[in-house]
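K.L.:
I am attaching a structure below and will ask some questions about it afterwards.
The values are calculated or read from the model by the stated rules, or taken from the named source; none is laboratory data. Everything numeric here is computed off the predicted structure, so don't read it as measured data. Methodologically, a virtual Cβ is constructed for each residue, glycine included, from the backbone with ideal geometry; neighbour enumeration extends over all protein chains shown. Accessible surface areas use protein heavy atoms only, side chains included; no ligands, DNA or RNA. Shrake-Rupley method; radii C 1.70, N 1.55, O 1.52, S 1.80 Å.
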Amino acid sequence: IERGTTAHQRTVCGTLADIAELAQAATIRPPAMTVVGDVVGERERIAWFEHRPLLGRSVVVTRARAQASELSARLRKLGADVVEAPAISTRRRSDPEITVAIDSLEAYDLIAFTSVVGVDSFFDVLKDAGKDARALAGLSVAAIGGATSTSLQGHGIAADCIPERQTAEGLLEALSDVQGKRVLLAQAAQGRKVLAEGLTLAGADVTKLSLYDTIAEELSAEQLADVARAEFVTFASGSSVRSFVSALGGPQAVATKKLVSIGPSTSTALGEFGLSPTREAGQHDIDGLIGALLEIA
């Protein structure tokens with residue numbers, strides 16, 4: 001068994017008479033171990049480890065480091081050799097406008113969250129102001145998707161609106177009845193304008209609450225080398241696409257990979273560089289992203 005318990009595990013079976021020859025023919029190299037005895041006869045029945053769908057397949061995760069752990073862990077359980085190459089990071093803002101909005105939450109009819117980071121940043125600000133979830137009493141709460149809704153639940157808030165299509169466009173459709181309402185939009189400073197502009201056109205009085213910045217990250221020489229040998233690259237946002245392509249020096253370094261996109265806006269970002277996703281997730285969350293990857297693996 002070569003490199004046992006890793007994504008690169010390989011196994012050769014034989015008898016004491018021919019195992020050395022078989023291992024040499026298969027180019028088995030250290031670190032390796034040898035198992036001798038009747039238990040080897042049970043291998044085909046209990047060899048679940050090597051039957052995992054992504055065993056030995058190299059997958060790049062480009063999510064921000066703080067959000068990458070769940071996706072990476074799930075991919076490793078499926079057998080993948082995960083390359084973490086966070087193309088972006090997030091940094092909380094402390095603008096005076098944030099304090100003003102937090103101090104006047106009762107003036108709004110609706111607050112909309114477009115990301116898990118936005119939820120966490122908002123409740124960090126609430127805590128710093130000596131407040132908690134009770135500050136949202138009387139407001140309707142909208143979440144762009146399941147992950148954002150789950151994050152809200154962790155803070156004691158059940159979202160009133162979760163669109164079927166987990167995109168800005170889907171949330172805009174779900175919030176069509178906003179004429180004359182005051183809406184607080186919690187997002188990144190670099191967030192897409194689709195939702196704010198659409199809500200304004202629908203008659204809402206929109207306040208953009210820019211809670212955090214999305215910052216491009218440089219990749220180390222080691223990360224770049226790992227990315228170069230990888231087969232798949234996963235993208236969970238348009239910002240990660242732009243930063244990742246920039247970190248690699250252009251789209252030519254990505255064009256030969258199998259690209260998996262979490263949804264339409266991320267695929268659009270790939271299109272800005274003349275790239276197309278090999279597969280776009282039908283369900284725009286981590287479950288959908290993993291499912292799309294498994295479809296092409």
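K.L.:
Could you tell me how many degrees, from 0 to 90 and to the nearest 10, lie between the Cα long axis of helix 286-296 and the main elongation axis, the longest principal axis, of the Cα atoms of the chain?
P.N.:
40
K.L.:
For Gln190, which sequence-distant residues (separation of 5 or more, or a different chain) have an amide H within less than 5 Å of its own amide H, given hydrogens modelled in the peptide plane?
P.N.:
So Gln190 has HN proximity to Thr214.
K.L.:
Right, another one. In nm, give the distance between the simple-model label positions of Asp103 and Glu42, each being 7 Å from the Cα along the Cα-to-Cβ direction.
P.N.:
Distance between the two pseudo-spin positions: 6.9 nm.
K.L.:
Of Asp38, Asp120, which has the most accessible area with a 1.4 Å probe, and how do the rest follow in descending order?
P.N.:
Asp38, Asp120
K.L.:
On a 0 to 90 degree scale, rounded to 10, what angle separates helix 116-128 from the longest Cα axis of the chain?
P.N.:
Roughly 50 degrees between the two axes.
K.L.:
With each label point set 7 Å from Cα along the Cα-Cβ vector, what nm distance links Asp128 and Arg76?
P.N.:
Placing both labels 7 Å along Cα→Cβ, they lie 3.2 nm apart.
K.L.:
May I pose another question? Taking all protein chains together and a probe of 1.4 Å, list Glu231, Glu222, Glu197 from the most accessible to the least accessible.
P.N.:
Largest accessible area first, the list is Glu222, Glu197, Glu231.
K.L.:
Provide the gained length on full extension for the span Ser89 to Lys193, in nm with one decimal, where the gain is 0.36 nm per separating residue minus the Cα-Cα distance.
P.N.:
Between Ser89 and Lys193, full extension yields an extra 35.4 nm.
K.L.:
Net charge within 9 Å of Lys181 by Cβ-Cβ distance, Lys/Arg positive one each and Asp/Glu negative one each, not counting Lys181 itself?
P.N.:
Computed value for this residue: -2.
K.L.:
Right, another one. On average, how much accessible surface per residue is there in segment 73-223, in Å², for a 1.4 Å probe, leaving out ligands, DNA and RNA?
P.N.:
That works out to 49 Å² per residue.
K.L.:
Can you give the accessible area of Cys13, probe radius 1.4 Å, in Å² rounded to 10?
P.N.:
Only protein atoms counted, so the area is about 70 Å².
K.L.:
Taking R0 as 30 Å, what FRET efficiency do you get between Asp287 and His51 from their Cβ-Cβ distance, rounded to the nearest 0.05?
P.N.:
0.90
K.L.:
Counting only protein chains, not ligands or nucleic acids, how are Arg52, Arg91 ordered by accessible area (probe 1.4 Å), most first?
P.N.:
Final ranking, largest accessible area leading: Arg91, Arg52.
K.L.:
Also, I was wondering about something else. Determine ³J(HN,Hα), in whole Hz, for all residues of segment 166-176 in sequence, where each value follows from phi through the Karplus function 6.51 cos²θ - 1.76 cosθ + 1.60 and θ = phi - 60°; x replaces Gly and Pro.
P.N.:
Working through the residues one at a time gives 7, 9, 4, 5, x, 5, 4, 4, 6, 9, 5 Hz.
K.L.:
Can you give the Rg to Rh ratio for the chain, taking only C-alpha atoms and Rh from Kirkwood?
P.N.:
Radius of gyration over Kirkwood radius for the chain works out to 1.10.
K.L.:
Determine the shape class of segment 1-53: with a ≥ b ≥ c the square roots of the Cα gyration tensor eigenvalues, call it rounded for a/c under 1.5, and otherwise prolate if a/b is greater than b/c, oblate otherwise.
P.N.:
Verdict is oblate for segment 1-53.
K.L.:
Would segment 224-283 count as rounded, prolate or oblate if I go by the C-alpha gyration tensor, calling it rounded below 1.5 in a/c and otherwise prolate when a/b exceeds b/c, oblate otherwise?
P.N.:
Prolate, since a/c reaches 1.5 and a/b exceeds b/c.
K.L.:
What shape does segment 113-218 have by the C-alpha gyration tensor, where a ≥ b ≥ c are the square roots of the eigenvalues, rounded means a/c under 1.5, and otherwise prolate means a/b greater than b/c and oblate the rest?
P.N.:
rounded
K.L.:
I would also like to ask the following. Counting only protein heavy atoms, what percent of the accessible surface of the chain is carbon or sulfur at a 1.4 Å probe?
P.N.:
Roughly 51 percent of what the probe reaches on the chain is carbon or sulfur.
K.L.:
For segment 209-257 and segment 1-42, write down the distance between their C-alpha centroids in whole Å.
P.N.:
37
K.L.:
While we're on this one: Ordered by packing density, taken as the mean number of other Cβ atoms within 10 Å over each peptide's residues, highest first, how do 164-171, 124-131, 63-70 rank?
P.N.:
Averaged packing, sorted descending, gives the order 164-171, 63-70, 124-131.
K.L.:
Got a number for the accessible area of Asp285? Probe 1.4 Å, square angstrom, nearest 10.
P.N.:
About 30 Å², ignoring ligands and nucleic acids.
K.L.:
Suppose a student asked you for the relative contact order of segment 193-297, using Cα pairs under 8 Å spaced at least 6 residues apart; what percent would you report?
P.N.:
20 percent.
K.L.:
Which percent, nearest 5, of DSSP beta bridges in the chain are antiparallel?
P.N.:
Given both bridge residues lie in the chain, the antiparallel proportion sits at roughly 20 percent.
K.L.:
Using the alpha carbons of segment 1-125, what is the convex hull volume per residue in cubic angstrom, as a whole number?
P.N.:
Cα convex hull per residue, to the nearest whole number: 154 Å³.
K.L.:
Going by Cα centres, segment 92-141 and segment 162-208 are how many Å apart?
P.N.:
So the separation of the two Cα centres works out to 16 Å.
K.L.:
Using only alpha carbon pairs under 8 Å that are at least six residues apart, calculate the relative contact order of segment 74-231 and give it in whole percent.
P.N.:
30
K.L.:
For the chain, what does the helix formula give at 222 nm: sum of -39500 (n - 2.57) over DSSP H segments with n ≥ 4, over the residue count, nearest 500 deg cm²/dmol?
P.N.:
-10000 deg cm²/dmol
K.L.:
OK, next. Nearest 10 degrees is fine. How inclined is helix 65-77 to the longest principal axis of the chain, computing both from alpha carbons?
P.N.:
For 65-77 against the chain, the angle is about 40 degrees.
K.L.:
Still on this structure, please answer the following. Identify all lysines with a Cα-Cα distance to Lys77 below 23 Å; exclude those on the same chain that are fewer than 8 residues away in sequence.
P.N.:
Within the straight-line cut-off, Lys77 pairs with Lys257, Lys258.
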